[in-house]
Each structure stands twice: as structure tokens, then as C-alpha cells.
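In what follows, a single structure is set out as C-alpha cells and then discussed.
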Amino acid sequence: MTIHAEARKAVLEAFEKVFGRRPSLPEAQVLQGVAWLETNYGRGWKGDGKNSNNWGAIQRGKPPCDPANSFLYTDTSPNADGTSTPYSICFRKYATAEEGARDLAIIVYRSPPSVLTAAATGDLFSVSAALHATR
């Protein structure tokens, strides 16, 4: 099984646990796309983030970090002039990939329901606009 097929399985299960139904194809694809681009399905982390199962670069809060459920990492905040400012923040750790995918589904789709509405239509421009609008 390829990494994308394994990730699809986790995304389908996570979505169903959160929303009580199977996702439509576009809903699954959007969630999987976010996980792939953000963290390579949690495999893109280095250092303390490695094996964290954090699929969406989901933050936990300001330091100090509780090593039982988070790790310290440097992220960047974009500036109006096109540069970025680095800052240190705690990112969440998950016991399994499925837990990371489930939390990603909550963050992407439940917190700002406009993203789920846009994903259901399959209109990626609207998904992008909704993600940007909800930060």
C-alpha cells in the first residue's frame, strides 16, 4: 500500500469519527491535501517533532511545552513585505497517525464550518478562500 493510500484510510476513518458519516471524495481529498502539504502526513517533522503524528502543524500553545503531549518547534509568521518572522511555539504530539488525522479534521472542518461547506462542493478556490478567511 502506498503512503497516499494509507493516508486516505486514516482520513476516511478520522472524518467518520468526527462527523459520523463518510466524507465525499472532495472532502477527503481536501483534508488529505492539507495533511500532505503541511507535514507530509506527519513525516516532515525533524528533531523533536519526528514521529509526533502531527498531520496539520497543529499548535498546542506557548512554551514551556509539556513533552507528554507537545514539542517545541520554530515556525514563521508572514509579514506584509513578503518576509517571515520566526517564533517558537509548542506543537501537538499524537500517539497515532489516526489521532493526528482526527484532530486535523476538527481543526480544518469543524472550527470553521465554511471550509467544510466549500470542500463539499469540490471548488478548491472556495476551499482556499475559506481557509485563508478563517486563518
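Computed quantities for the displayed model
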read-out	value
Whichever residue in segment 95-112 is over 9 Å from the mean Cα position of the chain (by Cα) and of a type in the set (Gly, Ala, Ser) and, among such residues, is modelled with the highest pLDDT	Ala95
Residue under evaluation Gly100, criteria (1) more than 17 Å from Ala10 (Cβ to Cβ); (2) touching a Phe, Trp or Tyr at 6+ places or on another chain (Cβ under 7 Å), criterion not met	(1)
Matching residues, segment 20-42, being out of contact with any Asp or Glu (no Cβ under 9 Å at 6 or more places or on another chain), part of a helix (DSSP H, G or I), surrounded by 14 or more Cβ atoms within 10 Å (Cβ to Cβ) and of a type outside the set (Asp, Glu)	Ala28, Gln29, Val30, Leu31, Gln32, Gly33, Val34, Ala35, Trp36, Thr39
Single unsatisfied condition, Ile3 versus (1) open to solvent by less than 30 Å² (accessible area, probe 1.4 Å); (2) under 15 Å from Ala101 (Cα atoms)	(1)
Cβ-Cβ under 6 Å pairs, at least 6 apart or on other chains, segment 1-30 side closer than 13 Å to Tyr41 by Cα and touching a residue at least 60 places away in the same chain (Cβ under 8 Å), far side assigned to a helix (DSSP H, G or I) and open to solvent by 40 Å² or more (accessible area, probe 1.4 Å)	Ala10/Glu98
Pairs where the first residue, in segment 104-124, is among the hydroxyl-bearing types (Ser, Thr, Tyr) and the second is crowded, with 24+ Cβ neighbours inside 10 Å and part of a helix (DSSP H, G or I), C-beta under 6 Å, 6+ apart	Tyr109/Val115
Tally of residues being in contact with a strand residue (DSSP E or B) (Cβ under 7 Å, 6 or more places away or on another chain), at pLDDT 95 or above and of a type in the set (D, E, K, R) across segment 65-94	2
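The values are calculated or read from the model by the stated rules, or taken from the named source; none is laboratory data. Fair warning: this is a prediction, and the values are worked out from it, not measured in the lab. Cβ coordinates were reconstructed from backbone atoms using ideal geometry, including for glycine residues, and neighbour counts include every protein chain displayed. Ligands, DNA and RNA are excluded from the accessible area calculation, which covers all protein heavy atoms including side chains. Shrake-Rupley method; radii C 1.70, N 1.55, O 1.52, S 1.80 Å.
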